[in-house]
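What follows draws every value from the coordinates through simple rules; no lab data is involved. Because the structure is predicted, anything quoted here is derived from the model rather than measured. A quick note on method: Cβ atoms are made from the backbone with ideal geometry, for glycine too, and the neighbour counts reach across all protein chains shown.
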Ligand code: CA
């Protein structure tokens, strides 16, 4: 299967270079545009599989550009991840309402960005090759709903499975209990925050015999993080 092609729309060259380097190393084909005009030309020339759009661009805001793409019947199903230095919740909402498929806040690790790209690509096309998410010996197959540790099956309840899928798609970032509730249970369900701790405990117990419970990390006073290294 051909490498997925990502168009990086970012005017700051050092950041563009850093992103492109990380994506190429992860096996993506990368093209670059420094403003929305160049991005338009690139998309018309050959449609990418996904676009990373920075919020701050010289000729038009990334948010407005995303809105335009999502209003275009020819292009609206082109997945877009917005990049931004702004961590404000209201900006995030604006970005997602503008039509972005996901949202990554700077600074991010290349690994986190790759995981988010893969998550969006999987959502668009669940059959994409490489849809299995792997960290060390821990693998999750979102198509088959199967988790293995060192090639042995791991039995998880449905909530622990969803939690692990969320974590493995969003590594190296701390999520508060409230954010986890929102992302795993959905915003409209009333669940006590304590419930998270119960499911975290069950998830760790299931991973314990393989030693991968260390990847589900408590960040004191902040929440939880999935990571292969302790910080
Ligand atoms: Ca920028």
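A crude spin-label estimate for the pair residue 182 and residue 214, with each label 7 Å from Cα along the Cβ direction, gives 3.2 nm.
For region 1-76, the spread of Cα positions along the three principal axes, ordered from largest to smallest, is 31, 29, 17 Å. On a 0 to 90 degree scale, rounded to 10, what angle separates helix 193-208 from the longest Cα axis of the chain? Once rounded, one gets 80 degrees. Pair-distance distribution P(r) for region 133-226, from all Cα-Cα distances in 10 Å bins starting at 0: 16, 54, 27, 3 percent. Note on region 5-124: semi-axes of the ellipsoid equivalent to its C-alpha gyration tensor, largest first and rounded to whole Å, are 18, 17, 15. The angle between the Cα long axis of helix 62-71 and the longest principal axis of the Cα atoms of the chain comes to about 90 degrees, rounded to the nearest 10. Computed from Cα positions, the angle between helix 110-124 and the longest principal axis of the chain comes to roughly 90 degrees.
Helical content alone sets the calculated 222 nm signal of the chain at -11500 deg cm²/dmol, taking -39,500 (n - 2.57) per DSSP H segment of four or more residues and averaging over every residue.
Using 0.36 nm per residue and subtracting the Cα-Cα separation, the extra length available between residue 75 and residue 205 on full extension is 42.3 nm. When 160, 64 are arranged by Cβ crowding within 10 Å, least crowded first, meaning fewest neighbours, the order is 64, 160.
Geometric descriptor of region 97-156, per residue, is 110 Å³ (volume of the convex hull of the Cα atoms). Looking at region 1-154, the DSSP beta bridges with both ends there are about 35 percent antiparallel. Across all Cα atoms of the chain, the radius of gyration (one decimal) and Dmax (whole number) stand at 18.2, 54 Å.
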